[in-house]
Amino acid sequence: MSTPYAKLPAWADYGLIPVINLAVAFLVAGFVVLLVGENPFRAAVVLVEGAFGRGQGIAFTLFYATTFIFSGLSVAVAAHCGLFNIGGEGQGYIAGLGIGIVCLAFDSVLPWWLTFPLAIVAAAAMGALWALIPAYLQARRGSHIVITTIMFNFIAASVMVYALVGFLKPPISMAPQTRTFLEGAQLPKLNWVIELFGAKIRSAPFNVSFLLALAMAFLVWVLIWRTRLGYEMRTYGHSSKAARYAGISETRIIIVAMMISGALAGMMALNPTMGDQHNVALEFVSGAGFVGIAVALMGRLHPVGIVLAAILFGMLYQGGAELAFEMPAISRDMIVIIQGLVILFAGALEHMFRPYVQALFASLSPRSVGIEAIKGKGA
Amino acid sequence: MDLFNAIIQVLDSTIRLSVPLLLACLAGLYSERAGIFDIGLEGKMLVGAFAGAASASVFHSAYIGLGMAILISVAFALIHGFASITHRGNQIVSGVAINFIAAGSTIMLGQAWFQQGGRTPALASDERFGAIIWPGADAVRSVPILGPIYSELISGHSVLVYVAFLAVPFTWWVLFRTRFGLRMRAVGENPAAVDTAGISVAWLRYRALICTGVLTGIAGAYLSMVQNGGFVKDMTAGKGYIALAALIFAKWKPVNAMFACLLFGFLDALSIRLQGTPLPLIGKVPVQLMQALPYILTVILLAGFIGKAIPPRAGGVPYVKER
């Protein structure tokens, strides 16, 4: 489906419009802050200082960003193929099962650099598997992927409760979580990188899975824009009819795209489990899969944009924690509101300001928006 | 007789548990029949629940609470409409956004206004919708079989329960016997045809969304003012999504929707009742399986193994005039 809007210069399309959307989202969030009787400007200062003011904050920001890079990439890969994978939450959660089994089995015998690859494979495989069934149903039986992936989120939650209570938790313990992983399944911290710049860090869970996330962002870029498979995915995403005409197998492309998306969502489970808590607990994903939707929309489905948007959301999470501490009227749920507003303005209402920006560009330099081209349409 | 009493109790809680599902499901039916996917049922129920309980406790009136619940829920429905009808945004993205905004703002405003960790103050009995005892309910209680059915199952629910069940024939009537319903169904199948007939697609869809908002508002009010004496954070707990599942299960038909919601409510009631008790033949059923059953059943239905669920044809597609 083609957009009924005229073209803008690339820098406006990928830079200006997202910034305007984001600014409006934050403006509305500022009103909410005002509504609970706090000063929005001071809140913004506390938030940014909390996220970037000290080494500790930066490390936490990047720790949160790690998870969001994975979940954002997951949403983006599916979206390039025209599929809305809303099931990242469940795919990440179920990946905890794979991670849990690998870590509990090998943490006493293998060093972390051997456990980590095994856990990556396990997490990716579980995530991909959890995306496989909705993908197959979409491809072969025409069931709507959004609904099936939502259902699979809930099924994953039930499976994980069952698994944690049933066999993953130590028999003597009451808490539905695995025992603490030993050294062999604890990812080394990357805090020293930030300390190189002279910052002091007491303790922060920023770890090597950040590097994995960056590597995945690069690989996703290669996949989408530099491989035949990525080209096919984008073709299918633009027009399933054109793809069919070009001889691209619908079933194959849907299933492959969703499994890659699921694998990326699965990998997001590595950071909180092996990198931070050193166990697999109930609800450890805690909404990160949904944050991926906001991140992917903000980043305009491009890996570079996604990494930046993930850092922005990492900042919101870390700064939001500080904010809740500083201003008692504001709780951490402020982040959830901001997230929602970002999804609303950068996603659902992304075209709201476009006509105005276009009018502005047209009055400044008519050629930049291709006025000649759209005149024929009566626009 | 013990078994009979147990059955009556399970059925009674089935009714109580399926009411919010039913209201949300019918709400979804209006919007989806008009061609607007609504993932945001969950969020609208949540803001309804919050607005209802908060204003009931401030104004000491259950009816003001209900009114506010409906008002705020409709406002959120209109935001969804603004994004997906006026600005032709992605309807699923907009629904997701509404769920987030609802989840965050209810807790934050609740905390800022009432300082009880996101809860609203416990409602007094006159600030809630109490049970309506039907005439003679107490008198016939001792009559075997029929007595308990009348006094437990039929009588003794709050007014919103009866509203929910009356909404089913009403929705059927609106959908299949009125001009508005006919046009609404048409706009969900082929908006271009409706547009050609000189009827505003956008206004029709907005009206459908207002109906959605009203019903999700009542659903939310039921949760916080009948089932529970106040608002608790995230109290919808996925009910909006189960309602969506029920809607698909019901193939977008009102009477089917009632049965689907009763079935899902029954599964819920049964899983509470059977917690830990072994069943004959099957043995002990894990609670998690019972909880996941509505979702599993919906997936199986969607896969086309129990009949085929065909959504309204124009669902999820923003309408672009003159192209």
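The values are calculated or read from the model by the stated rules, or taken from the named source; none is laboratory data. What you are looking at is a predicted structure, and each value in this text was computed from that prediction instead of being measured. Counting neighbours? That spans all protein chains shown, and the Cβs are built from the backbone with ideal geometry, glycine included. SASA here: full protein model, heavy atoms, side chains in, ligands and nucleic acids out. Shrake-Rupley method; radii C 1.70, N 1.55, O 1.52, S 1.80 Å.
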Apart from one, (1) outside any helix (DSSP H, G or I); (2) farther than 30 Å from residue A:149 by Cβ; (3) of a type outside the set (Phe, Trp, Tyr) all hold for residue B:194; the odd one out is (1)
* Does residue A:99 satisfy being part of a helix (DSSP H, G or I) and open to solvent by 50 Å² or more (accessible area, probe 1.4 Å)? -> no
Of (1) modelled with pLDDT under 90; (2) surrounded by 24 or more Cβ atoms within 10 Å (Cβ to Cβ), residue A:40 satisfies every one except (2)
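Given the residues A:233, A:268, A:274, which is the only one that is under 30 Å from residue A:180 (Cβ atoms), open to solvent by less than 10 Å² (accessible area, probe 1.4 Å), over 18 Å from the mean Cα position of the chain (by Cα) and modelled with pLDDT of 90 or more?
Details: A:233 fails: under 30 Å from residue A:180 (Cβ atoms); A:268 fails: over 18 Å from the mean Cα position of the chain (by Cα).
The conditions single out A:274.
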Conditions (1) at the interface with another protein chain (Cβ under 8 Å from one of its Cβ atoms); (2) open to solvent by 20 Å² or more (accessible area, probe 1.4 Å) -> residue B:85 fails only (1)
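Residues checked against (1) crowded, with 18+ Cβ neighbours inside 10 Å; (2) aromatic (Phe, Trp, Tyr); (3) under 30 Å from residue A:337 (Cα atoms); (4) more than 14 Å from chain A (Cβ to nearest Cβ):
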residue: B:107; (1), (2), (3), (4): yes, no, yes, no
residue: B:116; (1), (2), (3), (4): no, no, yes, no
residue: B:125; (1), (2), (3), (4): no, no, no, yes
residue: B:140; (1), (2), (3), (4): no, no, no, yes
residue: B:152; (1), (2), (3), (4): yes, no, no, yes
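Being part of a loop (DSSP other than H, G, I, E, B), at negative phi and in contact (Cβ under 8 Å) with a residue 24 or more places away in the chain narrows it down to one residue among A:156, A:199; which is it? Steps first, answer last, please.
Values: A:156 fails: part of a loop (DSSP other than H, G, I, E, B).
Going through A:156, A:199 in turn, the sole match is A:199.
For segment B:33-50, what are the residues that are in a helix (DSSP H, G or I) and within 14 Å of chain A (Cβ to nearest Cβ)? So that I can check it myself, show each step before the final result.
From segment B:33-50, those in a helix (DSSP H, G or I) are B:33, B:41-50; that's our starting set.
Scanning segment B:33-50 gives B:41, B:42, B:43, B:44, B:46, B:47, B:50.
Of all the helices (runs of 4 or more DSSP H) wholly in segment A:216-284, which have at least 1 residues that are under 21 Å from residue A:129 (Cβ atoms)? First the steps, then the outcome.
Numbers: elements: A:228-238, A:240-245, A:250-267.
Where helices (runs of 4 or more DSSP H) fall fully within segment A:216-284 and carry at least 1 residues being under 21 Å from residue A:129 (Cβ atoms), they are A:228-238, A:250-267.
In the set A:94, A:133, A:86, which member is outside any helix (DSSP H, G or I) and closer than 23 Å to residue B:295 by Cα?
Exactly one of A:94, A:133, A:86 is outside any helix (DSSP H, G or I) and closer than 23 Å to residue B:295 by Cα, namely A:86.
Yes/no per residue for (1) over 20 Å from residue A:71 (Cβ atoms); (2) surrounded by 16 or more Cβ atoms within 10 Å (Cβ to Cβ); (3) within 14 Å of chain B (Cβ to nearest Cβ):
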{"site": "A:113", "(1), (2), (3)": "yes, no, no"}
{"site": "A:117", "(1), (2), (3)": "yes, no, no"}
{"site": "A:140", "(1), (2), (3)": "yes, no, yes"}
{"site": "A:150", "(1), (2), (3)": "no, yes, yes"}
{"site": "A:164", "(1), (2), (3)": "yes, yes, yes"}
{"site": "A:175", "(1), (2), (3)": "yes, no, no"}
*Being more than 17 Å from residue B:24 (Cβ to Cβ), buried (at least 23 other Cβ atoms within 10 Å of the Cβ), among the small types (Gly, Ala, Ser) and facing chain A (nearest Cβ under 8 Å), is that true of even one residue in segment B:93-103?*
yes
Next on the checklist: I'd like to know if segment B:180-201 contains one or more residues that are within 14 Å of chain A (Cβ to nearest Cβ), surrounded by 13 or more Cβ atoms within 10 Å (Cβ to Cβ) and over 30 Å from residue A:296 (Cβ atoms).
Outcome noted: no
Within segment B:222-243, residues being in contact with a Gly (Cβ under 7 Å, 6 or more places away or on another chain), in a loop (DSSP other than H, G, I, E, B) and buried (at least 24 other Cβ atoms within 10 Å of the Cβ) number 1
Taking segment A:129-138 and keeping only residues that are aliphatic (A, V, I, L, M) and either buried (at least 24 other Cβ atoms within 10 Å of the Cβ) or within 14 Å of chain B (Cβ to nearest Cβ) (or both), one is left with A:131, A:132, A:133, A:135, A:137
Apart from one, (1) within 14 Å of another protein chain (Cβ to nearest Cβ); (2) over 23 Å from the mean Cα position of the chain (by Cα) all hold for residue A:180; the odd one out is (1)
Practice task
Restrict the check to segment A:200-210 and report whether at least one residue is charged (D, E, K, R) and open to solvent by less than 30 Å² (accessible area, probe 1.4 Å).
Solution key: no
Only unsatisfied item for residue B:161, checking (1) open to solvent by less than 30 Å² (accessible area, probe 1.4 Å); (2) of a type outside the set (Asp, Glu); (3) without any contact (Cβ under 8 Å) to a residue 24 or more places away in the chain; (4) under 24 Å from residue B:127 (Cβ atoms), is (3)
Q.
Would you confirm, using the coordinates I've provided, whether residue A:187 is open to solvent by less than 30 Å² (accessible area, probe 1.4 Å), within 30 Å of residue A:114 (Cα to Cα) and not in a helix (DSSP H, G or I)?
A. yes
